[in-house]
Amino acid sequence: MSVVNMAFIGCGDIAQYMAWFARFNRRIKIAACCDRDLERASAFAKRFHIPRIYADYTELLAKEDLGALYLAVPHHLHHDMLAEAIQARIPVLVEKPITRTLQEGMQIAEMAEQNQARAGVNYQYRYDSGCYAMAMAVRGGALGRVHYARCNLAWHREREYFEQSGWRAQLETAGGGTLITQGSHLLDAALWALNDQARSAMGYTSRRVFRDVQVEDLAQGTLELESGALLQISSAMVANPEQPLTIEIYGEHGTALYSDKPLPHVRFRGVRVRKARPPVWGLHALQRSLEAFRRWVVEGTPYLTPARESLPALAAVEALYRSARSGRREAVEGCE
């Protein structure tokens with residue numbers, strides 16, 4: 001049994017979930033953790049029985065013999081930390097978005113390819129059972145030619161969301177609000193399912209509740225895709241009460257309807273589809289994503305979201321933000 005020694009960089013909320021799933025995986029050992037807040041790192045290490053803690057990322061890379069890294073840090077730190085890991089030839093899984101900007105993301109994707117390094121982005125909805133079945137059906141032509149799709153993320157956040165992690169409130173450190181942080185999950189899943197890229201965007205953003213932050217708490221927009229299909233996105237952290245995530249895809253022969261509640265599932269209307277299962281076993285998409293990353297590291301089995309695969313969603317997000325500022329339709333930059 002090949003065990004991967006992994007270090008966790010960042011000991012916040014999402015890292016807690018990933019650490020639990022790592023603990024359930026006998027093929028992953030968390031050898032060290034790192035956080036600028038040593039008190040938080042110490043508590044994290046104690047909770048998950050991690051032997052060594054660091055406050056400095058570079059020191060960790062220098063001292064630890066690692067098989068992989070997991071990065072769950074503020075967005076503005078992604079680029080430089082990814083670059084260090086790639087240069088050190090350490091496989092790395094980073095939380096979305098890959099970076100704050102498309103330009104930074106393209107640099108990382110190119111660097112990973114030039115160094116033949118494994119850098120993945122944790123867009124875990126690709127490993128969600130319902131999203132995966134939806135994507136395989138649509139990519140396989142079950143709906144015929146797709147006319148349009150709609151994504152709705154109606155989440156609720158309290159003021160503590162910004163107060164406990166102040167970087168989320170700043171444009172310079174976060175890169176944006178609900179669209180880049182949460183909505184990009186659904187954009188990635190939908191673009192992957194459609195096997196298409198956006199070519200133009202019309203977007204709107206607003207601060208409906210959290211007026212004293214620099215980033216939006218509500219974003220809506222429409223993307224025109226290369227195929228001519230339209231993709232609508234609504235992303236919010238002001239819905240009350242919070243609602244299930246949904247993706248709807250409408251084709252010439254039928255419709256696919258995804259929801260994450262009460263459990264992730266997809267329903268098909270107008271067509272009969274044999275639902276595909278994710279390539280990795282697990283009870284949760286995060287668990288499958290982590291194990292899939294381990295297999296990529298150890299066995300070379302392709303991971304569903306390597307660095308370059310994450311760029312179409314980021315390109316779409318950037319164009320929607322530009323449109324919201326200009327009030328005009330904006331072209332989506334290429335990410336080849």
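The values are calculated or read from the model by the stated rules, or taken from the named source; none is laboratory data. No experiment lies behind these values; they were computed from the predicted model shown. Note that each Cβ is placed from the backbone with ideal geometry, even for glycine, and that neighbours are counted across all protein chains shown.
Listed by position, the helices (runs of 4 or more DSSP H) enclosed by region 146-196 that each have at least 1 residues that are among the aromatic types (F, W, Y) are 160-163, 184-194. The conditions of being without any contact (Cβ under 8 Å) to a residue 12 or more places away in the chain and more than 19 Å from the chain's Cα centre (by Cα) are met by R272. Of the residues S289, S235, the single one that is of a type outside the set (A, V, I, L, M, F, W, C) and assigned by TED's automatic domain parsing to the domain that holds R199 is S235. Going through (1) over 14 Å from E330 (Cα atoms); (2) in a strand (DSSP E or B); (3) touching an Asp or Glu at 6+ places or on another chain (Cβ under 8 Å) one by one, A219 falls short only on (3). Going through region 5-20 one residue at a time, which ones are closer than 20 Å to A285 by Cβ and buried (at least 20 other Cβ atoms within 10 Å of the Cβ)? Correct list: M6, F8, G10, A15, M18, A19. Taking region 270-312 as the range and being under 25 Å from A142 (Cα atoms) and surrounded by fewer than 19 Cβ atoms within 10 Å (Cβ to Cβ) as the test, the residues that pass are G270, V271, R272, V273, R274, K275, A276, R277, P279, W281, P302.
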